[in-house]
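Written out below as structure tokens is the structure these notes cover.
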Amino acid sequence: MTILVTGARGHVARSLVQRLLATGQPVRAAGRNPGAARLPAGVETVLCDLADPDTFDAALAGVTRVFLYAERRGLDDFVTRAATAGVEHIVLLSALLADPAATDATDAISRLHGDAEQAVARSGIAWTFLRPGAFATNTLQWAPSVRAEGVVRDPFPDSRSAPVHEADIAAVAALALTEPGHEGATYPLTGPELVSRRRQAELIGEAIGRPVSFAVQDLDEYRAELSAWTTPQVAEVVIKESAAAVDRPMPATDTVEKVTGRPARTYGEWARDHAEDFRDEPS
Ligand SMILES: NC(=O)c1ccc[n+]([C@@H]2O[C@H](COP(=O)([O-])OP(=O)(O)OC[C@H]3O[C@@H](n4cnc5c(N)ncnc54)[C@H](OP(=O)(O)O)[C@@H]3O)[C@@H](O)[C@H]2O)c1
């Protein structure tokens, strides 16, 4: 009956673990370094590196449902062993534009998530695909400059998106894992409204109680920053999509409200929930 939640250090997984525990579900939190995951005291943890099949069997013992991160390496192996272990349902954290027909050169992010969806579908295990758009937590990358100087630096002030709160992704995941009726469903998940990056900076300022200004960043400087955490292909996808979203943003969806019965949280609510991340360190 245990629910395995992979990627325990991730924002979505942490929120999901808390939600499942609050409703009395048996949870096992899995990650590459589960001890470092800042999880509630007493929660069962296990080592599971989705790129290392040697870690799968212990993580999957006694598990019937899995919340799964889309890690391309090892996923075929993981779902095969999940089927053998008796897993009945996988809820996959995919992405809005998942597409196995994309190529790494045109859209590495769509390709990665499309491949992951196909691997899960091939397993024969019932599945639900969560397809979030941009995470609100992506804007935590602005936290150091907001804390130090009260500034958001980004090349695209008028780029618009409907950033989704990790708690809303977790709320949909928790329902998909614990109630019937979500098998075979694909859920595009966004926040409730489009908001520009300049407006996001203002909303962070409102959340922390002091103004935050917006400085238009040089594109090469931005590219160099992206290369610190991702591949050149993914960095180019991020830049291309950011530029396109000035005139052609991806529309907001109402899936969170349809599935949970509660409107998706706005970016302003997210900024208030994360105000401490943007505030000065106490001196
Ligand atoms: N950021 C977005 O806008 C966005 C949009 C759509 C979809 N997504 C999807 O959401 C995922 C997480 O987004 P994020 O970067 O914002 O999350 P995050 O909160 O920074 O967490 C990253 C997570 O990926 C897990 N992970 C990475 N490699 C792993 C591996 N080999 N084995 C097990 N777990 C592994 C980490 O698990 P550990 O606990 O083991 O460290 C961690 O939980 C993305 O990878 C993507 O698939 C993101």
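The values are calculated or read from the model by the stated rules, or taken from the named source; none is laboratory data. As the structure is a prediction and not an experimental result, all values here were calculated from the model. When we count neighbours, we look across all protein chains shown, and the Cβ atoms used for this are built from the backbone with ideal geometry, even at glycine. SASA here: full protein model, heavy atoms, side chains in, ligands and nucleic acids out. Shrake-Rupley method; radii C 1.70, N 1.55, O 1.52, S 1.80 Å.
Contact order normalised by length for segment 2-132, with contacts defined as Cα pairs under 8 Å and 6 or more residues apart; what percent is it? Before the final figure, lay out the partial values.
Numbers: 265 pairs, mean separation 26.8, N = 131.
After rounding, I find 20 percent.
Counting only protein chain heavy atoms and rolling a 1.4 Å probe, the accessible areas of Y69, Y267 rank, largest first, as Y69, Y267.
Extents of segment 2-132, largest first, come to 44, 29, 25 Å (Cα atoms, principal axes, whole angstrom).
Round to a whole number: what % of the accessible area of segment 2-132 belongs to carbon and sulfur, probe 1.4 Å? Write down the numbers at each step before the final one.
Numbers: 2650 of 5420 Å².
The nonpolar share, carbon plus sulfur, comes to 49 percent.
Each 5 Å bin, from zero up to the one with the longest distance, holds this percent of the alpha carbon pairs of segment 166-229: 4, 12, 13, 13, 15, 16, 11, 9, 6, 2. Counting only protein heavy atoms and a 1.4 Å probe, the chain has 46 square angstrom of accessible area per residue.
Which whole-number percentage describes the relative contact order of the chain, with Cα contacts under 8 Å and a sequence gap of 6 or more? If you can, show how the numbers build up before the last one.
Numbers: 572 pairs, mean separation 49.4, N = 283.
Relative contact order here is 17 percent.
Computed over protein heavy atoms with a 1.4 Å probe, the carbon and sulfur contribution to the accessible area of segment 168-274 reaches 53%. Sorted largest first, the spans of the alpha carbon positions of segment 65-146 along the three principal axes are 48, 28, 19 Å.
Rounded to the nearest 0.05, the FRET efficiency derived from the C-beta distance between V151 and A185 at R0 = 45 Å is 0.60. In a simple Cβ point-charge model (Lys, Arg +1; Asp, Glu -1; nothing else charged), the chain has a dipole of about 460 debye relative to its Cα centre. Calculate how steeply helix 75-85 sits against the longest principal axis of the alpha-carbon atoms of the chain, using the helix alpha-carbon long axis, and give the answer as 0 to 90 degrees to the nearest 10. Roughly 40 degrees between the two axes. Between E88 and D57, the C-beta separation translates, for a Förster distance of 22 Å, into a calculated FRET efficiency of about 0.80. How many percent of Cα pairs in the chain exceed 32 Å? I get 25 percent for the Cα pairs in the chain exceeding 32 Å.
Which of F135, A171, H113 sits closest to the plus end of the dipole of the chain, meaning its Cα is farthest towards the positive end, when Lys and Arg get +1 and Asp and Glu get -1 on the C-beta? The one lying farthest along the dipole's positive direction is A171. How much accessible area does T178 have with a 1.4 Å probe, in Å² rounded to the nearest 10? Counting only protein heavy atoms, the figure is 60 Å².
If the only charges are +1 at each Lys and Arg Cβ and -1 at each Asp and Glu Cβ, what is the size of the charge dipole of segment 142-276 around the Cα centre, to the nearest 20 debye? The partial results should precede the final answer.
Values: 14 positive and 22 negative charges, 39 e Å.
For this selection, approximately 180 debye.
Against the empirical curve 2.2 N^0.38 Å, the C-alpha radius of gyration of segment 102-155 lands at a ratio of 1.72. Over the chain, dividing the summed -39,500 (n - 2.57) contributions of all DSSP H runs of at least 4 residues by the number of residues returns a 222 nm mean residue ellipticity of -12000 deg cm²/dmol.
Considering only alpha-carbon pairs that sit under 8 angstrom and 6 or more positions apart, the relative contact order computed for segment 62-200 is 25 percent. Evaluated at 20 °C with a viscosity of 1.002 mPa s, what Stokes-Einstein diffusion coefficient in µm²/s does segment 17-86 have when Rh comes from the Kirkwood expression over alpha-carbon pairs? Taking Rh from Cα pairs, D becomes 169 µm²/s.
Roughly speaking, what is the stretch gain from R122 to A101, that is 0.36 nm per residue apart minus the C-alpha to C-alpha distance, in nm to one decimal? Numbers along the way, then the final one.
Numbers: separation 21, 0.36 × 21 = 7.56 nm, distance 1.61 nm.
The R122-A101 span can extend by a further 5.9 nm.
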